Structures are given as structure tokens and as C-alpha cells.
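The values are calculated or read from the model by the stated rules, or taken from the named source; none is laboratory data. Since this is a predicted model, take the numbers as computed values, not measurements. Cβ placement follows ideal geometry from the backbone for every residue including glycine, while neighbour counts extend to all protein chains displayed. Accessible surface is based on the protein model in full, side chains and every heavy atom, while ligands, DNA and RNA are left aside. Shrake-Rupley method; radii C 1.70, N 1.55, O 1.52, S 1.80 Å.
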Amino acid sequence: MPFKDIQLNDGRKIPAIGFGSWKIPKDVCSGQVGQAIDLGFDHLDTAQVYRNEEEVGQAFKESGLSRKDVWITTKWSGLDDKEPKQSCEESLSKLGISYIDLYLIHHPRLCKGDIKGTWKKLEELKKLGYVKSIGVSNFTKEDLQELLSSCHIKPVVNQILLHPYVIKQQTPLLDYMSTHHIVPEGYSTLIPLTSKPNGPVDKPVNEIAKRLNVKPEQVLLAWSKAKNAVIVTTSSRKERLEGYLNVGDIELTKDDVKAIDHAGAKGELWEARKQKMAAASKYVVAAGLIGYLVYSKL
Ligand SMILES: NC(=O)c1ccc[n+]([C@@H]2O[C@H](COP(=O)([O-])OP(=O)(O)OC[C@H]3O[C@@H](n4cnc5c(N)ncnc54)[C@H](OP(=O)(O)O)[C@@H]3O)[C@@H](O)[C@H]2O)c1
């Protein structure tokens, strides 16, 4: 069963998995985005600060798909201190499109203490027809509370860091968002594979992958899906992208999700131990070096 689109609080539906273009170098960006579109991705995620909106737009144009068939998200990143309106106009021009599906405040710090005022500027962009839906990214529960206390239009999503090693701290935020019908978009979900390998999460992920005959990255993305999040991920490799799209067919059990959450919660202890070990091994090397210098002078 392919992924089902996810309902947003403004009446629109968003494709449940997006291809992100963060860190993709300009010279290979349109090729990688084009590959994702050819394989079936219909949701692209970029940002002003990724500096590759032209290439993302070029890939969309070259796909020959009609505008309504591809969801395009970009973000106001406060680049060069430009205001949301000017930034949005530049993003539209770089992407080569007449409207943006979803426009996000990339980070609350960009609001410089004025979340309410900044959000009003995004509401204005929606009224102007530049963007169809508006949302936020990296907002905490407190940031959302502030925004919701004065907004006319609610944010449809909050794009956040979502992987098993942060699930304990993100759960109250996810619960708050669920109460207010703000959909989570989860990024960097593959961190247990990309930058924190050999941690406690590997065991349940590998066991589930073996049982379901799928790859560990697919288990992690299925875990994000089980949290009712829109998946935002990326890959330069065709076979991985095909695997990501097949996550629509992978259903984890409640026990699978619990086992991954539980292992993720052990992450803090694991990190602390790793740091202690690293400090201790530095000490041993330094002591050895001093010993050698002293000994060689005798
Ligand atoms: N709003 C924000 O502040 C924010 C922040 C970060 C990211 N994002 C968005 O989220 C998107 C995804 O972010 P991310 O790159 O951090 O996400 P991710 O989904 O955690 O990681 C994607 C990377 O995982 C690698 N990978 C996949 N399977 C692997 C495996 N089995 N072993 C080792 N590596 C593996 C891929 O490398 P290969 O190319 O080799 O397959 C790819 O580069 C970004 O492009 C951006 O659109 C938003």
C-alpha cells in the first residue's frame, strides 16, 4: 500500500514523505532531485538557506509534471536579513513557480523575540497567494503556545528533529501538536545510522529489519510514520530511495515502536559513557606520551 496523504488543519493534504535537499551541492542537486521525482517522490523540501532552490526548481521543471502534482516546501531562513515577503518573492523566482505549497519559519530564533509579529507576515503571504499553507520549524511547545495565542491562521506543521534518541524529549511537544492539529514533519530520523551508529537503538532496529526482511533505514522511517509524522529524508542512491518509498507498506507493531523508543531513551546514558571513555582514552594517551618523554631523557 503506498503512502497515504496526511490531512492538514487548513483543509489541504500533504504527501506523507518528502525528499529534502539540505547539503546537496549545487552541481549535483538537480540530478538528485530529478532522480527522486523519477522514482515517485512528489514532495520536495528545500529552504532559502540551502542555496539550491534554483536547482530544485530546475528538476521540477525538467520532470514535465504539472504544478499540482508536486508539493514544494521552502523556508524563510532570514538569509541576508531579508524580510519574509522579499525572501518569499525570491524563492518563487528561484524555484520558477507561481506559488509555494508550504512556507515555513525555519527556526524561532529568526523571529528575534517577535514570534507573533513574524507569523503575521507569513499570514500575509498566504493572503497574497504566494503560498498555499504556512507552518513553522524547530518550534518548542512554548514557541507554539506564544504563536497560537494570537494567530488568525494556525500553522499546519512544525518540522522538527525526530529520531529515537530524542523521542523522550520530543514526546510532550508531539502531544501538544496533536491536541492542536499541527502535523509533525520529522527530519534527521536516520541519525542512529548516519551519526550515532552502534548505540542502543541498533539492536531493536536490526531485529525488526530482519523479521520484516527490510533495511534498518526503512525501519527508522516506518517508526517516524508510526509517530504520525510526515517523513522528510534524502538519499543520493536510487536503491535507498526505492526502499524509502516502500516504507508506505511497512507497519510496525506497537511493541516494535515501544522497543525503539525504550532503546532511544537509553541514548543519553550511552552518550555520557562514550564521552567518559573518550576522555579516559585521551588521558591514557597523554600519560603514555609524558612517560615516554621522561623515559627517553634518562
Ligand atoms: N528544518 C530543519 O531545520 C531541517 C534540519 C535538517 C534537515 N531538514 C530537512 O530534512 C532533510 C533530511 O535531513 P537529513 O539528511 O538530516 O536526514 P536523514 O533522513 O536522517 O539522513 C539522510 C542521509 O542518510 C543516509 N543514509 C540512508 N541510509 C543509510 C544507511 N543505512 N547507512 C548510512 N547512511 C544512510 C543517506 O546517505 P546516501 O546519500 O548515501 O544514501 C542520506 O544522506 C533535509 O534534506 C532537509 O530537507 C530540515
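Just for the Cα atoms in the stretch 73-164, what are the lengths along the principal axes, largest first, rounded to whole Å?
The Cα atoms of the stretch 73-164 stretch 35, 32, 24 Å along the principal axes, largest first.
Keeping all protein chains in position, work out how much accessible area residue 237 exposes to a 1.4 Å probe, and write it in Å² to the nearest 10.
Accessible area, nearest 10 Å²: 110 Å².
Compute the long axis of helix 115-128 from its Cα atoms, compare it with the longest principal axis of the Cα atoms of the chain, and write down the angle in degrees, 0 to 90, nearest 10.
40
Please list, ordered by chain and number, the residues whose modelled amide H lies under 5 Å from the amide H of residue 52; skip anything fewer than 5 residues away on the same chain.
47
Take residue 212, project a point 7 Å from its Cα along the Cβ direction, then tell me which residues of the stretch 243-257 have their backbone nitrogen under 12 Å from it.
The answer is 244-257, whose backbone nitrogens lie closer than 12 Å to the label point.
Mind running the shape call on the stretch 1-115? Use the C-alpha gyration tensor, a ≥ b ≥ c as the square roots of the eigenvalues: rounded below 1.5 for a/c, prolate if a/b tops b/c, oblate otherwise.
Since a/c reaches 1.5 but b/c is at least a/b, the shape of the stretch 1-115 is classed as oblate.
Using R₀ = 35 Å, calculate the FRET efficiency as 1/(1 + (r/R₀)^6) where r is the Cβ-Cβ separation of residue 169 and residue 293; round to 0.05.
Step by step, r from the Cβ atoms, then E = 0.20.
Which FRET efficiency, nearest 0.05, do residue 272 and residue 85 yield, Cβ-Cβ r, R0 45 Å?
Given R0 = 45 Å and the Cβ-Cβ separation, E is 0.50.
Restricted to Cα positions, what overall size does the chain have along the principal axes? Three whole-Å values, descending.
79, 45, 42
If a/c stays under 1.5 just call it rounded; otherwise compare a/b with b/c (prolate if a/b is bigger, oblate if not). Do that for the stretch 145-298, with a ≥ b ≥ c from the square roots of the Cα gyration tensor eigenvalues.
prolate
Per residue, how much accessible area does the stretch 61-169 have with a 1.4 Å probe, in Å²?
In whole numbers, the stretch 61-169 has 45 Å² accessible per residue.
Would you grab the residues whose amide H sits under 5 Å from the one on residue 101? Only those 5+ places off in sequence or on another chain, please, with H modelled 1.01 Å from N.
Correct list: 72, 132.
Tell me, what ³J(HN,Hα) does each residue in the stretch 180-196 have, in order and in whole Hz, if you take phi through Karplus 6.51 cos²θ - 1.76 cosθ + 1.60 with θ = phi - 60° and put x for Gly and Pro?
For the stretch 180-196, the Karplus curve yields 9, 6, 9, 6, x, 10, x, 10, 6, 5, 8, 3, x, 9, 8, 10, 10 Hz.
Step by step: find N for the stretch 224-298, compute 2.2 N^0.38 Å, then divide the Cα radius of gyration by it. What's the final number?
2.01
Which percent, to the nearest 5, of DSSP beta bridges fully inside the chain are antiparallel?
Beta bridges within the chain, antiparallel portion: roughly 5 percent.
Roughly to the nearest percent, how much of the accessible area of the stretch 216-261 is carbon and sulfur, given a 1.4 Å probe?
45
Using packing as a proxy for protection, rank 91-103, 238-250, 155-167 so that the peptide with the highest average count of other Cβ atoms within 10 Å comes first.
155-167, 91-103, 238-250
Rounded, prolate or oblate: which fits the stretch 120-208, taking a ≥ b ≥ c as square roots of the Cα gyration tensor eigenvalues, rounded meaning a/c under 1.5, else prolate when a/b beats b/c?
prolate
Name the residues whose placed amide hydrogens come within less than 5 Å of the amide hydrogen of residue 43, ignoring near sequence neighbours (fewer than 5 apart) on the same chain.
19, 71
In the stretch 10-65, what chymotrypsin sites (Phe, Trp or Tyr not before Pro) fall in a loop by DSSP, with at most 15 other Cβ atoms inside 10 Å?
When the chymotrypsin sites (Phe, Trp or Tyr not before Pro) of the stretch 10-65 are filtered for loop state and at most 15 Cβ neighbours within 10 Å, 22 remain.
Over the stretch 78-135, with every protein chain in place, what whole percent of the accessible area is carbon and sulfur at 1.4 Å, could you tell me?
That share works out to 46 percent.
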